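The values are calculated or read from the model by the stated rules, or taken from the named source; none is laboratory data. Quick caveat, the model's predicted, so the values are computed rather than measured. Cβ atoms come from the backbone with ideal geometry, glycine included; neighbour counts cover every protein chain shown.
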Amino acid sequence: MNVDLLVLIGVIIADAVLLIELMFFICRKAVSNRLIRAAFDGKEEEFEAVSKTFIAKTLSKFDLQLIRFNVAEIRRDDEKMEECIRRFNEMDLKDSQKKKIYPRIFYHYIDKNRKQDAKDYYEKLSQFGVYKNKKDIEMTYDAFIKGGHQYLDEALKSLPGTSREDLPAKEKLIAKMYENKGINQEAKKYYNLSDQHKAKLLGKQ
């Protein structure tokens with residue numbers, strides 16, 4: 001067979017594969033958006049129906065539950081979040097999935113001042129040597145669970161490089177450290193900053 005013809009066939013096959021992958025990505029994105037909208041609107045029957053479609057079946061049970069969790073977190077629906085957490089606990093999660101969701105559950109319980117639950121998830125995370133934001137979780141655990149302030153200087157140094165989204169949480173952490181150290185004026189200052197920046201993120205200012 002002619003070499004040029006083989007090259008042409010190869011190019012056509014490669015282009016076809018790329019086109020199929022692109023179409024699959026677009027379809028999967030559309031299905032994900034439908035699932036998110038159904039979750040936001042509280043339409044559980046619609047969510048279940050969409051989740052049974054061919055494209056949606058390429059998503060894992062973890063992915064589907066993560067969509068529910070994300071929506072519940074945005075809506076600050078504690079009851080729905082607890083339901084999601086229960087379902088995560090019933091799954092046989094991979095380590096990569098645990099590293100993805102356990103820190104968020106940990107912070108959820110910190111936010112709700114549920115110390116024992118936060119401690120339980122800190123201990124679950126302790127089995128991993130490396131995971132995202134490990135240092136921030138160590139600092140949070142020390143401040144909110146142990147009542148410590150040993151990471152105060154480190155937290156203050158990291159503040160300038162903190163993203164707009166993470167800033168309120170970092171300022172609240174610093175405030176708690178100052179509070180634990182008995183420096184109430186600085187604690188009040190950072191609690192106020194945290195509240196102000198959180199309000200801006202939520203569009204309330």
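Residues in the stretch 69-104 that are of a type outside the set (Lys, Arg) and outside any helix (DSSP H, G or I): how many? Give the steps one after another, and end with the answer.
In the first step, residues of the stretch 69-104 are kept if they are of a type outside the set (Lys, Arg); the result is 69-74, 77-79, 81-85, 88-93, 95-97, 101-103.
Those still in the list that are outside any helix (DSSP H, G or I) too: 77, 91-93.
So the answer is 4.
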Identify, please: which residue in the stretch 136-165 is under 20 Å from the mean Cα position of the chain (by Cα) and surrounded by fewer than 15 Cβ atoms within 10 Å (Cβ to Cβ) and is, among those, nearest to Asp120 (Cα to Cα)?
-> Glu165
Consider Lys172 against the criteria (1) under 25 Å from Gln116 (Cβ atoms); (2) in contact with a helix residue (DSSP H, G or I) (Cβ under 6 Å, 6 or more places away or on another chain); (3) surrounded by fewer than 18 Cβ atoms within 10 Å (Cβ to Cβ): it satisfies all of them except one. Which criterion is unmet?
-> (3)
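Quick check on Tyr107: is it touching a residue at least 60 places away in the same chain (Cβ under 8 Å) and closer than 20 Å to Asn89 by Cβ? So that I can check it myself, show each step before the final result.
Values: touching a residue at least 60 places away in the same chain (Cβ under 8 Å): yes; closer than 20 Å to Asn89 by Cβ: yes.
Spelling it out, Tyr107 is indeed touching a residue at least 60 places away in the same chain (Cβ under 8 Å) and closer than 20 Å to Asn89 by Cβ.
Yes or no: Ile101 within 15 Å of Tyr121 (Cβ to Cβ) and under 14 Å from the mean Cα position of the chain (by Cα)?
For Ile101, the condition - within 15 Å of Tyr121 (Cβ to Cβ) and under 14 Å from the mean Cα position of the chain (by Cα) - is met.
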Being charged (D, E, K, R), assigned by TED's automatic domain parsing to the domain that holds Met177 and within 22 Å of Ser158 (Cα to Cα), is that true of even one residue in the stretch 137-145?
-> yes
Would you pick out the residues in the stretch 105-135 that are in a helix (DSSP H, G or I), buried (at least 16 other Cβ atoms within 10 Å of the Cβ) and within 14 Å of the chain's Cα centre (by Cα)?
-> Ile105, Phe106, Tyr107, His108, Tyr109
Would you pick out the residues in the stretch 137-153 that are out of contact with any helix residue (DSSP H, G or I) (no Cβ under 8 Å at 6 or more places or on another chain) and over 18 Å from Ala187 (Cβ atoms)?
-> Glu138
